[in-house]
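Working notes for the structure below.
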Amino acid sequence: MTDLRFRPASVRRTAAILVAAAGVAVGSAMAVPGRAAASAAQAQVCRGVAAPDVTGAGPDTRLDGEFNDYAVDHTSPDDWTGADSTYSAPLGGGRDLWIFSDTFLGTVNPDGSRSPTVSDGGDTPFINNSFVLTSRHGIRTITGGTAATPAALMPPPDSSHWYWSRDGMVLDGRLDVIYSEFAKTGTGPLDFGWYRNVLAQFSLDDLGRPTDVVPLPSGDDVSWGAWLLRSRGFTYIYGTEDLGASKYLHLARVPGDDLRQPWQFLAADGHWVAQESASARIAGAPGSSIDVSNELSVVRHGRIYVLVTQDMSAPLSAGIDLAYSCSPTGPFVDETTAYTTPETGANGTYHDPDVYTYNPHEHPELDRGNRLVISYNVNSLVNTDLYRTASIYRPRFIDVSLRG
């Protein structure tokens, strides 16, 4: 395949991983340390508020089973069989809309493999973004194009560009989703880069195509929409600045929940300003007290805000970390590994040194009391792994319990 839009997910997703893991040989086995557990003396999130303890973490077998069963269901041969990003937006009435980036469609073979993509002579469609709707009545895949020729919900403007999804939210009968537009920068498979941010709006009556696409602030190399948080009369827009081995967290906001109005950006002096160029790095970079991954979550629980991020203290880390603040603006403290993904590396469940995990998200509409529901993605540095073993490239779900 020469068109990067249709190059399977591992090739393009791997580019960011390889940059972050400069100096690590592809395919080599390596130990992946996690952050130390919290000490007996609880850290203070802010005055009078102690960080909670993680009392348990393990697979959410219901959600894992639901998506795995759907992926191998041959009654719908053109539906979702795997994807990444895994944001979600509650639609009410027990319905959840799952917002995905690179997506495999088609059929999984009885032996657990999938055929090559259509552009490689097989019968597996591959698109850059999709929705999956779950409800009491079952699961449904939503794409653009037609049943015979499915396409991305956010089709690219030309053959050298594509969109990967960020977070979304429901309001006033519509769905707003932020997308990052990427573009090829050369002829090689890893020659691509972030281009700009856009807001796509979908009618809840017809989620198969956007009703409007609005440009968003894009002048400071920040990929906005890593998370959206409605709190205290504002919608906070978290963004990530990806410099390869160094990743930084930025924050913007709008009054209310209309992302089309002018944004305010959190500056280094703590003031909100109109200039995106003044947006401050509020967390990130290896060696700092808080690391951040390209995709993450910030959710309010009682008096604290919980940041969910990948442990970036080591290349291709298997750790899913939590950190805490008393404000959506941070500072976040006490980053601790809550869960170590079992799929990662040669000693993982696939016994494959090329398998890695990334981009954890919380799904607050599914939380129950002190139990957080978190997803993460699984991929491989070797593209053919995703065809030999289709189950690699699917989200996984875990439940994490907090106390305090």
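Every read-out reported here was derived from the displayed coordinates using simple, explicitly stated rules and does not represent laboratory data. Here the structure is a predicted model, which means the values were calculated and not measured. Every residue, glycine as well, gets a Cβ built from its backbone with ideal geometry; the counts of neighbours run over all protein chains shown.
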| request: Multiply the residue separation of S160 and D269 by 0.36 nm, subtract the distance between their alpha-carbon atoms, and state the gained length in nm to one decimal. | output: 35.3 nm
| Radius 13 Å from Cβ of Y236, net charge of other residues (Lys, Arg +1; Asp, Glu -1) | +2
| Using 14 Å as the cut-off for backbone N distance, which residues of the stretch 106-126 belong to the label zone defined by a point 7 Å from the Cα of S76 along Cα→Cβ? | 106-108
| note | Fewest-first ordering of Y358, Y179 by Cβ atoms within 10 Å yields Y358, Y179
| query | Sorting K184, K247 on the 10 Å Cβ count, fewest up front, what's the list? | reply | K184, K247
| Net charge of Cβ neighbours under 12 Å - reference D367; Lys, Arg +1; Asp, Glu -1 | -1
| request: For the stretch 308-404, compute Rh as the Kirkwood radius over C-alpha pairs and then the Stokes-Einstein diffusion coefficient at 37 °C and 0.692 mPa s; write the answer in µm²/s, rounded to an integer. | output: 227 µm²/s
| query | So, in nm, how far is label D258 from label L243 when the simple model puts each one 7 Å beyond its Cα toward the Cβ? | reply | 3.7 nm
| query | Order of T185, T340, T309, T61 from fewest to most other C-beta atoms within 10 Å? | reply | T61, T185, T340, T309
| query | Using a simple spin-label model with points 7 Å from Cα along the Cα→Cβ vector, what separation in nm is obtained for D220 and L190? | reply | 3.0 nm
| said: Treating only the Cα positions of the stretch 147-250 as identical point scatterers, give the base-10 log of I(q)/I(0) from the Debye formula at each q in 0.10, 0.11, 0.12 Å⁻¹. | reply: -0.32, -0.39, -0.46
| field | Compactness index (Cα Rg / 2.2 N^0.38 Å), the chain | value | 0.93
